[in-house]
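Have a look at the structure below before the remarks.
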Amino acid sequence: MEQCCIPLRPYAELCGEFIKEVLDHLNVNVFIYDEEPIIGQESLKKYPAHCGGLYLFYLKKKGTDAWRPIYVGATKQDFRMKFRYHAEKGIIAAVWSDSGILKDHELFAVCTHYEGASGRYIKSLFLDAMDFYKNTLPARPMSLEEGYPYEWMLNNWTYSWNWECIEREQKIVRGIPAERCGELFVHVFDELNCNDFLFDKEPILNVADIKKFPANLKGFYVFYLKTSPESNERFPITVGVTKRSFRARFEEQGQHGVLSKWWALNRSDMQVYAMCSHHSGPAGDLMKRFFLRSMSFPLREFGRKKRPFDFSAPLPLKAINIPYKRFLAKMIKM
């Protein structure tokens, strides 16, 4: 498209690159279902049935990775139930019935851990900043023009995206620095019968060290720092869930993620380690959701820095004011 100026409230389907960056800034795993289009009722079963929150529907032209966001919503119901409603008489049904769209595009969804006030607030920011095709009344045609590049949009859009307000909203639900909560991670892993100390004395110093991690298991993981292999003080820096093997995900992190970012700092006072959990699927998603909602991490899942590291003295378990016992009870029931 001819890039001369951006309207104050541009079409969201032209802002896919920018919206992806926003979700990444908010530490949302935007690619978890990015290869799995919504093509029938069966495809809805992959979405979480134990939680709800902020979500986004987007289209991708077949054979490309370019996003065309068309709808943003927030639900108190679980995502699977809400999406089934959309498939009956909502956005999904509308897309499925539009042969013109389906000829060249497929429908996808992003589910986030932001619920309640945080989810509604971020939804309102999106709707205030952009014109979403399926949120618009009266209906308008969808724009099929080429989308705005992220960097160009940053330099040419006059709308002020207030990151300070977003960060302030996040601190309502997760203000404790995760680096100081190592004792909580160890306790949770112990209670859930995870072999959390399997690699606790083996730092990940380079790509070759990744080969020790399982190539046939997947699930929830946490990267943390220690001053020495013998130290019992652990400083968690990010969490994630992988649908592939731990080894495959960590190799990716070693190329352009948390591991590569940490290695590039060339710090000799601390090294990075990993805990791997067998909890995958809904259980793994619940673990990630709990930790992201309960505390503030310095890094996003693929290594972008959110804030300075906090290497203050780790908090004892009794000083961590997080309702982890309710979380553990839910996990044990799953």
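In table form, for the structure just shown:
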| read-out | value |
| --- | --- |
| Qualifying residue in the stretch 211-221 (condition: more than 24 Å from Arg293 (Cβ to Cβ) and hydroxyl-bearing (Ser, Thr, Tyr)) | no |
| Tally of residues being more than 23 Å from Gly16 (Cβ to Cβ) and touching a residue at least 60 places away in the same chain (Cβ under 8 Å) across the stretch 49-96 | 4 |
| Check on Gln41, open to solvent by 40 Å² or more (accessible area, probe 1.4 Å), closer than 25 Å to Arg293 by Cα and out of contact with any strand residue (DSSP E or B) (no Cβ under 6 Å at 6 or more places or on another chain) | no |
| Verdict on Ile204 being open to solvent by less than 80 Å² (accessible area, probe 1.4 Å), closer than 27 Å to Leu26 by Cα and assigned to a loop (DSSP other than H, G, I, E, B) | yes |
| Members of the stretch 74-95 found to be closer than 21 Å to Ser124 by Cβ and open to solvent by 50 Å² or more (accessible area, probe 1.4 Å), listed by number | Lys76, Gln77 |
| Residue check for Lys61: surrounded by fewer than 17 Cβ atoms within 10 Å (Cβ to Cβ) and either within 30 Å of Leu286 (Cα to Cα) or not basic (Lys, Arg) (or both) | no |
| Residue match in the stretch 96-117 (condition: open to solvent by less than 20 Å² (accessible area, probe 1.4 Å), closer than 26 Å to Leu154 by Cα, among the β-branched types (Val, Ile, Thr) and not in a helix (DSSP H, G or I)) | yes |
| Residue match in the stretch 155-165 (condition: surrounded by 14 or more Cβ atoms within 10 Å (Cβ to Cβ), at pLDDT 65 or above and among the hydrophobic types (A, V, I, L, M, F, W, C)) | yes |
| Extreme residue, surrounded by the fewest Cβ atoms within 10 Å (Cβ to Cβ), among residues of the stretch 118-154 that are assigned to a helix (DSSP H, G or I) and acidic (Asp, Glu) | Asp128 |
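The values are calculated or read from the model by the stated rules, or taken from the named source; none is laboratory data. Note that the coordinates shown come from a computational prediction; the quantities given were computed from them, not determined experimentally. Here the Cβ is made from the backbone with ideal geometry for all residues, glycine too, and neighbour counts use every protein chain on show. We work out accessible area using only protein heavy atoms, side chains counted, and drop any ligands, DNA or RNA first. Shrake-Rupley method; radii C 1.70, N 1.55, O 1.52, S 1.80 Å.
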